[in-house]
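Please read the structure below before turning to the comments.
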Amino acid sequence: MSLLRRWFDPIRSRWFFQKPTRQEVLPTEQGLSIYLRLDDVYSYLAVQQLPQLEEILTDDLKPLKVVISDTAAEPPNGMTKTEWHTYCLNDAKILATQHRFSYDEEKPEQPTQEALKQAETILKNTPLTGQNFLYLLEDVFHMLWQQQYGKLRTLFVMASQHQKPQETPERVFDHTPVLASYFEFGGRKYHAVDDLLRLTRRLKQQKLLTDNPIFLINHIEWREHLMSDAEELAEIQAMHPELDLYIALEDPISWLLLAYIKEELADYYNIQMNLYPLSYRSRDHFDWSLATRLSKRAEVEFTPFCRPTADSILEMAHLFYSVPDDEQVDAMYEILKAVWTKGKDFSFKSHFQQMQQLLSIEQLTDVNVAELLARNDALCDQKHQPDFPVLELRINGKHYVFNSLYRVWMIESIFSNVLEQLYKSENDAENNEFEISKE
């Protein structure tokens, strides 16, 4: 990191974070829009909430504008289209189970091209508007994603023979590249499922809702544990769960999640954490206001944004691999805390030596750190995840892979599901024994 950045970034960050973390009022002139793709499974989940959302919008935001695109954006993180589709189908199943969406859990699959064309014709030709159109939109998505192709063809024949394409400003068909469904409000984008609560909090703050929004009923808030029963907690702790974290060291979200999991979840559930730092991934462009809001919700300190450079990453990893294995989590916590709360630059000799002393490192390791990071990269790539950090949880003989700040809630949800399955198996065994004894 240059001398200019080392001095300027902390000053700039203090100025940045002294500003309000939430802009008081976002403009409403453009209304509220949702971007969908008929072949996007996240769009399928999103449309199941739209009639309810439209119902509680104030007149300032009605009608909800629906933009249906026929163009997919490139998959993230170097994934192939096949890898991305597979990931989305599996992730949607997790979201559907957690938040009670309709979804084909037995055999989810992408709709056929013929079905997609029929669905587009139905939606282009329908004279329905407002909430009635949203109900039709939901029904059409059900037909596509539940393989109800007979019903879809019947509607298609009616729409193509008896109706003509309609022109309405609240319904747009275009070629905007859409990776996954999202809302747009006041010039900002919100993931259609993952950011729905954040969006509705914003709308409620601006008095743009006529009633309380009740969405994603099993959402787990930061610092609020899903499990509090002492007996259940003890059972999870006795299973000795393990959690692997693959973290990009220049990514502030990696710091926020590592700190949150270490401070709030690891000891509580007796989770053994294993860290795998990754080589420099050029993750230098972030939504800093989102990171700030996350730090406040997760109650994790986060102030300067002195983004580590590629040289800094190597030095941070050098420190990490110079402490004993059982001290590495604590060491990385201190290293990242120094970066993201104090603006330390470990390519700067003085900062490096200070941390070496703090971690009581008498002798730096002579292993090839770059090779270790490359090995971690390869392991991480095998997980086929679209974002960082990548997490792998192992418990009760099974393993679960997920990623990013949007899926941290899965840790506790998985624990709850593991216990539910355990109790169900025990009850089934007891019932079988009872039936045998009766015979």
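The values are calculated or read from the model by the stated rules, or taken from the named source; none is laboratory data. Please read all numbers here as calculations on a predicted model, not as lab measurements. Don't worry about glycine lacking a Cβ; one is built from the backbone with ideal geometry, like all the others, and counts go over all protein chains shown.
The condition of being buried (at least 19 other Cβ atoms within 10 Å of the Cβ) and among the hydrophobic types (A, V, I, L, M, F, W, C) does not hold for PHE173. Only one entry of PHE302, PHE286 meets the criterion of being surrounded by fewer than 19 Cβ atoms within 10 Å (Cβ to Cβ) and aromatic (Phe, Trp, Tyr), and that entry is PHE286. Within the set GLN354, GLN385, GLN363, the sole residue that is more than 20 Å from GLU315 (Cβ to Cβ) and either of a type outside the set (Val, Ile, Thr) or assigned to a helix (DSSP H, G or I) (or both) turns out to be GLN385. Got a number for residues in the stretch 222-252 being among the hydrophobic types (A, V, I, L, M, F, W, C), surrounded by fewer than 17 Cβ atoms within 10 Å (Cβ to Cβ) and assigned to a loop (DSSP other than H, G, I, E, B)? Number satisfying all stated conditions: 3.
Selection within the stretch 374-384: residues that are under 18 Å from TYR280 (Cβ atoms) and in contact with a strand residue (DSSP E or B) (Cβ under 6 Å, 6 or more places away or on another chain). The member of this set that is surrounded by the most Cβ atoms within 10 Å (Cβ to Cβ) is CYS380. Close contacts from the stretch 96-107, counting a first residue that is touching a residue at least 60 places away in the same chain (Cβ under 8 Å) and a second that is buried (at least 16 other Cβ atoms within 10 Å of the Cβ) and part of a loop (DSSP other than H, G, I, E, B), with Cβ to Cβ under 7 Å and a gap of 6+ residues or different chains, come to HIS99/LEU216. Within the stretch 337-362, residues that are at pLDDT 95 or above and aromatic (Phe, Trp, Tyr) reach partners that are surrounded by 14 or more Cβ atoms within 10 Å (Cβ to Cβ) and in a loop (DSSP other than H, G, I, E, B) with beta carbons closer than 7 Å, at six or more positions or on different chains, in the pairs PHE352/PHE346. For the stretch 102-118, which positions are at pLDDT below 95 and buried (at least 16 other Cβ atoms within 10 Å of the Cβ)? Across the stretch 102-118, the qualifying residues are TYR103, ASP104, PRO108.
Residue-by-condition table, conditions (1) surrounded by 13 or more Cβ atoms within 10 Å (Cβ to Cβ); (2) of a type in the set (Asp, Glu); (3) under 13 Å from LEU278 (Cα atoms); (4) modelled with pLDDT of 95 or more:
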site: ASN368; (1), (2), (3), (4): no, no, no, yes
site: LEU372; (1), (2), (3), (4): yes, no, yes, yes
site: ARG394; (1), (2), (3), (4): yes, no, no, yes
site: LEU405; (1), (2), (3), (4): yes, no, no, no
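Just one of the numbered conditions (1) touching a strand residue (DSSP E or B) at 6+ places or on another chain (Cβ under 6 Å); (2) at pLDDT below 95 is not true of VAL329: (2). Report yes if some residue within the stretch 135-154 is free of Cβ contacts under 8 Å to residues at least 12 places away in the same chain, in the same structural domain as LEU36 (by TED's automatic domain parsing) and small (Gly, Ala, Ser); otherwise report no. Yes: the stretch 135-154 contains one or more residues that are free of Cβ contacts under 8 Å to residues at least 12 places away in the same chain, in the same structural domain as LEU36 (by TED's automatic domain parsing) and small (Gly, Ala, Ser). As for the stretch 218-229, it holds at least one residue that is over 24 Å from ALA378 (Cα atoms), over 21 Å from the mean Cα position of the chain (by Cα) and in contact (Cβ under 8 Å) with a residue 40 or more places away in the chain.
Return a yes/no flag: does the stretch 214-221 have any residue that is surrounded by fewer than 21 Cβ atoms within 10 Å (Cβ to Cβ), on the phi > 0 side of the Ramachandran plot and touching a His at 6+ places or on another chain (Cβ under 7 Å). Taking every residue of the stretch 214-221 in turn, at least one turns out to be surrounded by fewer than 21 Cβ atoms within 10 Å (Cβ to Cβ), on the phi > 0 side of the Ramachandran plot and touching a His at 6+ places or on another chain (Cβ under 7 Å).
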